[in-house]
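The values are calculated or read from the model by the stated rules, or taken from the named source; none is laboratory data. Small disclaimer: the values here were computed from a predicted structure and weren't measured. Cβ placement follows ideal geometry from the backbone for every residue including glycine, while neighbour counts extend to all protein chains displayed.
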């Protein structure tokens, strides 16, 4: 498969997972400078790796949540948490991933992502919202 096919396939998957408006926003965030990186993301991350069949989309989403939480990447965690919902991940599954992150990577790695997950699942008290 050539790169343009991978790109088209990846862009389609990415929009399905995160929504067209969000993808367009992220793709344009760094302007022309960021276009080569967005090409790589669309073609190889979503057009190739996310299209593999060894993991279900839900499991792949849960893995991404663990990676982004452990790596202290809250903005990416937020994006992938919304994608995890689109892929059918449950609140309990996300909570279990974050508990694993807390135990294996440390409590600080899980605090912000717990807050984000709580917000996404609509459970954050109004007084605690940013």
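Remarks
- The range 1-29 - residue that is in a loop (DSSP other than H, G, I, E, B) and farther than 18 Å from residue 64 by Cβ and, of those, modelled with the highest pLDDT: 29
- Number of the condition not met by residue 53 [criteria: (1) at pLDDT 95 or above; (2) surrounded by 15 or more Cβ atoms within 10 Å (Cβ to Cβ)]: (2)
- Any chance residue 86 is under 27 Å from residue 23 (Cβ atoms), within 12 Å of the chain's Cα centre (by Cα) and crowded, with 21+ Cβ neighbours inside 10 Å: no
- Count of residues meeting criterion [in contact with a helix residue (DSSP H, G or I) (Cβ under 7 Å, 6 or more places away or on another chain) and either farther than 28 Å from residue 25 by Cα or modelled with pLDDT under 95 (or both)] in the range 98-111: 6
- Which numbered condition residue 92 misses (of (1) over 23 Å from residue 7 (Cα atoms); (2) surrounded by fewer than 17 Cβ atoms within 10 Å (Cβ to Cβ); (3) touching a helix residue (DSSP H, G or I) at 6+ places or on another chain (Cβ under 9 Å)): (3)
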